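The values are calculated or read from the model by the stated rules, or taken from the named source; none is laboratory data. Values in this document were obtained by computation on a predicted structure and should not be read as measured data. Glycine gets a Cβ as well: all are built from the backbone with ideal geometry, and neighbour counts include every protein chain shown.
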Amino acid sequence: MQVNELGEFGLIDQIRKRFEGYYNSSVTGIGDDCAIIPKNKFVSNLVTCDTLIENIHFFKNGIQPEDLGHKSLAVNISDIAAMGGKAEYAFLSLAVPAVTSCTWITRYLDGLHDLARDEGVILLGGDTTKSPEHIAITITVIGSADNQNIKRRSEAKPGDMICVTGYLGDSGGGLQLLLENRKLTDEHERNLVHTHNHPRVCHHEGRWLASQQAVHAMIDITDGIASDAWHVARASGLTLLIDTEQLPLSESLIITSEKHDWNIRQLAVSAGEDYVLLCTIDPLECDRIQKAYYKKFGSNLFAIGKVKQGKPNVEIFGKGEKISVLSGGFEHFQ
């Protein structure tokens, strides 16, 4: 069997099964947005690691170095946010071809530095090496969270409402424009590409949601809502129902999708890298949480579905009917 037959999540399962017996039950290892390492009875450390590879996660000629610096750190901070923590320390491993411009490196570090400064993250070290052809960036972030507030994928409850903290599909729309090598002709197209290249991190929103007892499970949308909802369904042993008519769509995505004849619901469901948070909330408290969220952040917490008893599954509906034509999210090796 080859890795493309095993699949990304099959590979992760193989790694997890090989090593899960090496740590005690107080530690949470592979299977959530971050590893959880207890520090004391009040606080735990959160650890996450992400890699960005040229021509897989980004196109060098399609992203400014400053934006890439921002994004490579943002994707890790988003994992910390998804578990209700605060990012504190980072380690950077950077592999670049020897012919890479020093100006490009400086600009990349500027973008990384600016987000680190804004989020209070300290870069402590890492590694640099020569790459034969393409850029490879790996960042590890360590954060912390109050033990009572840590949110896991496995904590969804039957009856919970499913909510997201922002628009879906914008990053996928920006990627589509880059893949189609389109000249950006208006503000809406530029907005989508900017969202893809320079994602906003829901760090403060994640910590606030985690402090609410009525919020049960949480995850960030990295591989598309269909794929990431599946992670929650699988970890919680429940079925998640998503209504495509309730998915929050930005004006820029709506206008650009109409202009280029894109399937906007397909983008909203399956496109990744939105880095908004998905959470499940006690239905009796959902309205109160939504109102309090809007009061605090000035933006909506959108309800897009609900959790029900049943085998782990994600069921996607549109206009009351189950949709079978929409694919899942992004998966490596496929």
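Pick out the one residue from L184, L209, L178, L168 that is without any contact (Cβ under 8 Å) to a residue 12 or more places away in the chain and touching a helix residue (DSSP H, G or I) at 6+ places or on another chain (Cβ under 9 Å). Unique residue meeting the criteria: L184. Only residues that are surrounded by 24 or more Cβ atoms within 10 Å (Cβ to Cβ) and under 17 Å from A35 (Cα atoms) were counted in the stretch 207-221, giving 4.
For the stretch 43-89, which residues satisfy the criterion of being closer than 13 Å to T140 by Cα and of a type in the set (F, W, Y)? Once the filter is applied, which keeps residues that are closer than 13 Å to T140 by Cα and of a type in the set (F, W, Y), the stretch 43-89 yields only Y89. Here's a check for you: in the stretch 116-138, which residue that is in contact (Cβ under 8 Å) with a residue 60 or more places away in the chain and of a type outside the set (D, E, K, R) is farthest from G85 (Cα to Cα)? Filtering first and then ranking leaves H134. Taken over the stretch 182-201, the criterion of being within 13 Å of E273 (Cα to Cα), assigned to a loop (DSSP other than H, G, I, E, B) and of a type in the set (A, V, I, L, M, F, W, C) is satisfied by V201 alone.
Could you grab the pairs with beta carbons closer than 8 Å, sequence gap of 6+ or different chains, first residue in the stretch 221-242 and touching a residue at least 24 places away in the same chain (Cβ under 8 Å), second one aromatic (F, W, Y) and assigned to a loop (DSSP other than H, G, I, E, B)? What qualifies is I221/Y275; T222/Y275; D223/F330; G224/F330; S227/F330.
Would it be correct to say that L168 is of a type outside the set (D, E), within 13 Å of the chain's Cα centre (by Cα) and closer than 24 Å to H57 by Cα?
For L168, the condition - of a type outside the set (D, E), within 13 Å of the chain's Cα centre (by Cα) and closer than 24 Å to H57 by Cα - is met.
When the test is whether a residue is under 18 Å from V121 (Cα atoms) and either outside the structural domain of I122 (by TED's automatic domain parsing) or not hydroxyl-bearing (S, T, Y) (or both), K41 does not pass it. Looking at (1) of a type in the set (D, E, K, R); (2) under 16 Å from D67 (Cβ atoms); (3) in contact with a Gly (Cβ under 9 Å, 6 or more places away or on another chain), which one does D118 not meet, given that it meets all the others? Unmet condition: (3). Taking the stretch 205-216 as the range and being part of a loop (DSSP other than H, G, I, E, B) and either among the small types (G, A, S) or in contact with a Lys or Arg (Cβ under 7 Å, 6 or more places away or on another chain) (or both) as the test, the residues that pass are S211, A214. Counting only strands (runs of 3 or more DSSP E) that fall entirely inside the stretch 14-110 and contain at least 1 residues that are out of contact with any Lys or Arg (no Cβ under 7 Å at 6 or more places or on another chain) and modelled with pLDDT of 95 or more, the qualifying elements are 43-53, 86-96.
Kindly evaluate I63 against the criterion of being outside the structural domain of A210 (by TED's automatic domain parsing) and farther than 21 Å from A116 by Cβ. So I63 does not fit the description; no.
Count of the stretch 245-281 residues, restricted to those that are touching a strand residue (DSSP E or B) at 6+ places or on another chain (Cβ under 7 Å) and either at pLDDT 95 or above or of a type in the set (D, E) (or both), is 11. I'd like to check something: does the stretch 68-85 contain any residue that is surrounded by fewer than 21 Cβ atoms within 10 Å (Cβ to Cβ), within 28 Å of L184 (Cα to Cα), over 15 Å from the mean Cα position of the chain (by Cα) and not β-branched (V, I, T)? Within the stretch 68-85 (the criterion being surrounded by fewer than 21 Cβ atoms within 10 Å (Cβ to Cβ), within 28 Å of L184 (Cα to Cα), over 15 Å from the mean Cα position of the chain (by Cα) and not β-branched (V, I, T)), the answer is no, since none of the residues qualifies.
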